[in-house]
Amino acid sequence: MNIVLLGAPGAGKGTQAAKLVEEFQLPHISTGDMLRAAVKAGTPLGQKAKSYMDAGDLVPDDVIIGLVTERLQDADTQKGFILDGFPRTSAQAVALDAELSKLERPLDAALLIDVDPEVIVRRLTSRRMCKDCGYIGSVADETCPKCGGEMYQRDDDNEATVRNRLDVYEKSTSPLIDYYRGCDLLVSIDGDRDPQVVYADVKQALGL
Ligand code: AMP
């Protein structure tokens, strides 16, 4: 199953992707995670991406398209994949279509996790992640409930940056909802509910 996850930052894409990965063993291709790993490792890509990420702006299309195109050549993506945080612009969506048609592995669905922006601001500013396993929790988690690791706040989860990320989403990414609706691939789920309830709907919508 080849899936694109759509939705504003903090809508719960990462949480739903983690559940799908655990149950269906699909590779989770999160461009945000890939970029954060590059920043942590201090690679040239990380150095280039950091200032965009800290401001909540998008990393240039050519950089990110190259990263995903390369990842899609890996053998583990043959059985399917979950793309999380990509595409985020029309140029990225068009490039993805071109690459997948070259690989003869078309998308099965674009899954929109829909959440009101004000709910997102509250969610993101109280979000915490595990330094060791990437578990996504909240300010209430003093240590990671999964592995006991240290929880931290992402640099871009402060309120000013979150509001900019939401503006960027509205301008650059939300037009993709119509794009995928036009391709007859859009599936929309109300994400403002308990993650387990959202997940049940996700599976039903995808016919899993
Ligand atoms: P995320 O973890 O998906 O919220 O991504 C964190 C940050 O990484 C974003 O605010 C962007 O700066 C950058 N980023 C992630 N994915 C993309 C993408 N597809 N295009 C451009 N920038 C991206």
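Each reported figure results from applying straightforward, stated rules to the coordinates on display, with no laboratory input. These figures come from a predicted structure and were not determined experimentally. For neighbour counting, all protein chains shown are included, and Cβ atoms are generated from backbone atoms with ideal geometry for every residue, glycine included.
Numbers below:
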quantity	calculated
In nm, spacing of pseudo-spin labels at Asp184 and Asp116 (7 Å Cα→C-beta vector)	3.5
Listed residue pairs exceeding 21 Å between alpha carbons, taken from Lys40/Lys131; Lys50/Lys79; Lys13/Lys131; Lys102/Lys203; Lys50/Lys146	Lys50/Lys79; Lys102/Lys203; Lys50/Lys146
In sequence order, calculated HN-Hα J values of segment 17-22 (Karplus, 6.51, -1.76, 1.60; Hz; x Gly/Pro)	4, 4, 5, 5, 4, 5
Kirkwood-based shape ratio for segment 76-148, expressed as Rg/Rh from alpha carbons	1.10
Most mobile listed residue (Thr89, Thr69, Thr125) in the chain, GNM with C-alpha springs under 10 Å	Thr69
For Leu112, distant residues with modelled amide H under 5 Å away	Leu6, Val187, Ser188, Ile189
Fluctuation leader among Cys130, Cys144, Cys183 - the chain, Gaussian network, Cα springs under 10 angstrom	Cys183
Estimated vicinal HN-Hα couplings, Hz - segment 77-93 in sequence order (Karplus 6.51, -1.76, 1.60; Gly, Pro = x)	7, 4, 7, x, 6, 10, 8, 10, x, 8, x, 10, 9, 4, 4, 5, 5
Given charges at beta-carbon only (K, R positive; D, E negative), |dipole| of the chain in Debye	320
Pairwise label distance in nanometres, Asp57 with Met1, each label 7 Å out on the Cα-Cβ vector	3.7
Calculated on alpha-carbon atoms, Rg and Dmax of segment 137-208 in Å	16.5, 44
Mean separation of Cα contacts under 8 Å (6+ apart) over length of the chain, as relative contact order %	30
Long-range HN-HN contacts of Tyr135 with modeled amide H, under 5 Å	Cys130
Order of Val139, Val119, Val198 under a 10 Å beta carbon neighbour criterion, fewest first	Val139, Val119, Val198
Cubic angstrom per residue, convex hull over Cα atoms of the chain	118
Sequence-separation-based contact order of segment 1-113, relative, with Cα cut under 8 Å and 6+ spacing, percent	50
The chain - mean residue ellipticity at 222 nm from DSSP helices (-39,500 (n - 2.57) per run, n ≥ 4, rounded to 500)	-14500 deg cm²/dmol
Distance histogram for segment 1-113 (every C-alpha pair counted, 5 angstrom bins, percent rounded to whole numbers)	2, 11, 23, 25, 21, 13, 5, 0
Within the chain, longest stretch free of exposed GluC sites (Glu not before Pro) [DSSP loop, at most 12 other beta carbons within 10 Å]	1-103
